[in-house]
Amino acid sequence: LGVNVKDPEGILKRVGELQALAGRYKTFYTDPEIMAELSGVSPEQAAAEMAPPPPAQATEQVNESLDPAEAQRIKNSIAEGEMILKSGRSISGRKMSDAELQAVQRSVDNARAKLSTLPSGSTAGGDLFGGQGMPFNLSGQVDTSATPAELAEAERIRQEKAAADAAQGDMFSGGFSGTADYGPQGGSSAKEAGPSIPKEATVMSRGPGWEMPEVLGATDRVLPIEAPELIRWFREATGMSPEVRRRMKSLGLFTGIGKGRIAIRASLFSNPQSVAMTLAHELGHWIDYLPDESLKRGNILGRLATLSRFKSNFLPEIEGSNKEIRAELIALSDWWKPFGAETANKKSSYYKYRVSAVELYADAISVLFNSPADLEARAPKFWKAFFDLVDRKPDVAEAITAIQT
């Protein structure tokens, strides 16, 4: 700590300084000095990139195909929701919990999307750190003050929105560039998986990115790892920070060149939760790529055991078959980033992309870093196998242990 342990006042002062620094890291995307440290640029350059765009004129573009009465009903719903969000109280005057207000915000956003209304002062697309967003909140538990019905309704809205995006082929969260195993069972080429998938992992999201569900957070042994720590880890291991690109189709991209490269779309930074999900997903591809710089591992078992082109359904050192663990991860991925797994067209390229071994593994790592308790609860076989075999990736095991202690 750099302080004399026999000096109580000095210790308290140092603790205060560290607590203040921790607070700055939690909202790192608003702090030029912290961003400069994480991205390896000068504070002046970081500040310039973080400057918000000029305010846009408030606009309202109503979908002309809507029935006028329906359009008015949606407008009334938006106005009521905004009133609740401003006051923090329901129409009856009851103080609402954070979870309830988040559900109201999602409902308002959903209504705006139906009405094709841009919120006041919004801009099309967004820019690097242009929006303030909300600070990361990856350590908390589900708000128990909200009723099960309210939480279920909030989750239903989130699922419907993401599934609708997926049905339009409009929400590819990120991916990788280079040869990997695309097929649902770990086929060794895109051809084996069906329709080809564009090299830079595909189509783009025209929206702000993924919306994080209510999460359980930490387990009694494993804590979430927040974005600044993930960025620092990647930079120290590869010698470069994740690249932030202003012009980029996918939300995130992992490229299997050298030690590995990661890029994140700049407009995502107006949605910190989406940054956390996407960055951790790309870190998942990078971890899969280590230590031998290959994504040709075959199925899920091959990725867990760091093998090459493994396609068997069983592996002695793993409890559970590839089929069982894959089923866990499909359900996990559909909860984390909904794509309507049960009702989707199983022949579509998007479905095959989402249930490919390489993508399921990356989504599992994204959940691990954001909410380890959910990974343990929803995919216990994957959880156990990952930690049983993580020593096969010595640098990964060492880094996770160091960050957790």
Inside region 256-266, can you point out the residues that are touching a residue at least 60 places away in the same chain (Cβ under 8 Å) and closer than 10 Å to W286 by Cβ?
G256
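Any chance you could count how many residues in region 256-268 are crowded, with 16+ Cβ neighbours inside 10 Å, out of contact with any His (no Cβ under 9 Å at 6 or more places or on another chain) and either assigned to a loop (DSSP other than H, G, I, E, B) or not aliphatic (A, V, I, L, M) (or both)? Before you say what the answer is, go through the steps one by one.
Within region 256-268, the first condition is being crowded, with 16+ Cβ neighbours inside 10 Å, and the residues that meet it are 256, 260-268.
From what is left, the residues that are out of contact with any His (no Cβ under 9 Å at 6 or more places or on another chain) are 261, 263-268.
Narrowing the set further to residues that are either assigned to a loop (DSSP other than H, G, I, E, B) or not aliphatic (A, V, I, L, M) (or both) leaves 261, 265, 267.
Looking only at that region, the number is 3.
Of the residues that sit in region 220-244 and are in a loop (DSSP other than H, G, I, E, B) and free of Cβ contacts under 8 Å to residues at least 40 places away in the same chain, which one is nearest to Y350 (Cα to Cα)?
Within region 220-244, the subset in a loop (DSSP other than H, G, I, E, B) is 220-226, 239-242.
Still in the list and also free of Cβ contacts under 8 Å to residues at least 40 places away in the same chain: 220-221, 239.
Working: D220: 36, R221: 35, G239: 33 Å.
Applying the filter and picking the extreme gives G239.
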Would you pick out the residues in region 267-306 that are free of Cβ contacts under 8 Å to residues at least 40 places away in the same chain and more than 18 Å from E359 (Cβ to Cβ)?
D292, E293
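Considering only region 295-330, state which residues are among the β-branched types (V, I, T) and either buried (at least 21 other Cβ atoms within 10 Å of the Cβ) or over 20 Å from V367 (Cα atoms) (or both).
Result: I300, I318, I325.
Restricting attention to region 245-255, and to residues there that are assigned to a loop (DSSP other than H, G, I, E, B) and not charged (D, E, K, R), which single residue is modelled with the highest pLDDT? Even if it seems obvious, please write down each step before you answer.
Within region 245-255, the first condition is being assigned to a loop (DSSP other than H, G, I, E, B), and the residues that meet it are 246-251.
Now drop any that are not not charged (D, E, K, R), which leaves 248, 250-251.
Working: M248: 79, S250: 83, L251: 87.
So the residue we want is L251.
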Does region 312-323 include one or more residues that are without any contact (Cβ under 8 Å) to a residue 24 or more places away in the chain, of a type in the set (A, V, I, L, M, F, W, C), outside any helix (DSSP H, G or I) and within 28 Å of A237 (Cα to Cα)?
no
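Please state which one of W335, W383 is touching a residue at least 24 places away in the same chain (Cβ under 8 Å) and either open to solvent by less than 20 Å² (accessible area, probe 1.4 Å) or under 19 Å from V215 (Cα atoms) (or both). Spell out how you get there, then give the answer.
Details: W383 fails: touching a residue at least 24 places away in the same chain (Cβ under 8 Å).
Just a single option satisfies the conditions, and that option is W335.
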Subset of region 342-357, residues of a type in the set (A, V, I, L, M) and open to solvent by 10 Å² or more (accessible area, probe 1.4 Å), comes to A344
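The values are calculated or read from the model by the stated rules, or taken from the named source; none is laboratory data. Here the structure is a predicted model, which is why all the values come from computation and not from measurement. Positions of Cβ are generated from backbone atoms using ideal geometry, with glycine treated the same way; all protein chains shown enter the neighbour counts. Ligands, DNA and RNA are stripped out before the accessible areas are found, and what is left, the full protein with its side chains, is counted by its heavy atoms. Shrake-Rupley method; radii C 1.70, N 1.55, O 1.52, S 1.80 Å.
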